[in-house]
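Some notes on the structure that comes next.
The values are calculated or read from the model by the stated rules, or taken from the named source; none is laboratory data. None of these values were measured; they are calculated from a predicted model. Positions of Cβ are generated from backbone atoms using ideal geometry, with glycine treated the same way; all protein chains shown enter the neighbour counts. Only protein heavy atoms, including side chains, enter the accessible area calculation; ligands, DNA and RNA are left aside. Shrake-Rupley method; radii C 1.70, N 1.55, O 1.52, S 1.80 Å.
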Amino acid sequence: MSKRLLPQAIRLLVSSNLLYAAIFLKFAGAPGSVALFEHMSQAVHGLVSQPVFRLGSGLFETVVAVLLLIPKTARSGARATVLWMTAVLLSHIFVLGYGWFFVDALMVMLLAVIYLSLTGGLPHRGEPEMAATMSAAQTHKQ
């Protein structure tokens, strides 16, 4: 029972974190969030405005959170979370600096990686994902 409970708990934690950030920080226009995305907008020389950065980020995080909540799409949501948090961490390292948002992104990424490793969502080292899926299917047939 605990083998099934831990991945579900991780999915709920990651999803609730993403939804909180999207709804209460980005969509609501919290001052800290607005300042952060204003800084990001300036980093790309205003090519993407602060509201587009902030609301687009919130929309993407909402979609990923919903993917995580649906059991059939949870691994895709976890993979998208890892990719998204990689981008977030890089933006903090090179533009925004370190702080609570950086630590939060690091923890969310770590939880998504743990979820993928618990559910078999990671391909074996040096093996493309499709080959891992096909070899698992062939083993299951025999």
For this session: Quick one: LEU13 ticks every box in (1) within 16 Å of SER91 (Cα to Cα); (2) open to solvent by 30 Å² or more (accessible area, probe 1.4 Å) except a single one, so which number is it?
Result: (1)
Seminar exercise, completed: Those residues of the range 20-53 which are of a type outside the set (S, T, N, Q), open to solvent by less than 50 Å² (accessible area, probe 1.4 Å) and in contact with an Asp or Glu (Cβ under 9 Å, 6 or more places away or on another chain) amount to ALA21, ALA22, LYS26
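Yes/no per residue for (1) over 28 Å from TYR115 (Cα atoms); (2) under 19 Å from the mean Cα position of the chain (by Cα); (3) modelled with pLDDT of 95 or more:
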position	(1), (2), (3)
TYR20	no, yes, yes
LEU36	yes, yes, no
MET40	yes, yes, no
GLY46	yes, no, no
GLY58	no, yes, yes
ARG75	no, yes, yes
ARG79	no, yes, yes
ALA87	no, yes, yes
Problem set entry | Members of the range 94-120 found to be of a type in the set (Phe, Trp, Tyr) and buried (at least 18 other Cβ atoms within 10 Å of the Cβ), listed by number | PHE101, TYR115
For this session: Scan the range 54-82 residue by residue and report those that are open to solvent by 20 Å² or more (accessible area, probe 1.4 Å), assigned to a helix (DSSP H, G or I) and farther than 21 Å from GLY32 by Cβ.
Result: VAL63, VAL66, LEU67, LEU69, PRO71, LYS72, THR73, ARG75, SER76, ARG79, ALA80, VAL82
Problem set entry | Qualifying positions in the range 55-67 - more than 17 Å from MET107 (Cα to Cα) and touching a Phe, Trp or Tyr at 6+ places or on another chain (Cβ under 8 Å) | LEU55, SER57, GLY58, PHE60
For this session: Name, by its number, the condition in (1) part of a helix (DSSP H, G or I); (2) open to solvent by 30 Å² or more (accessible area, probe 1.4 Å) that does not hold for SER91.
Result: (2)
For this session: Could you tell me whether ILE70 is at pLDDT 95 or above and farther than 21 Å from LEU110 by Cβ?
Result: yes
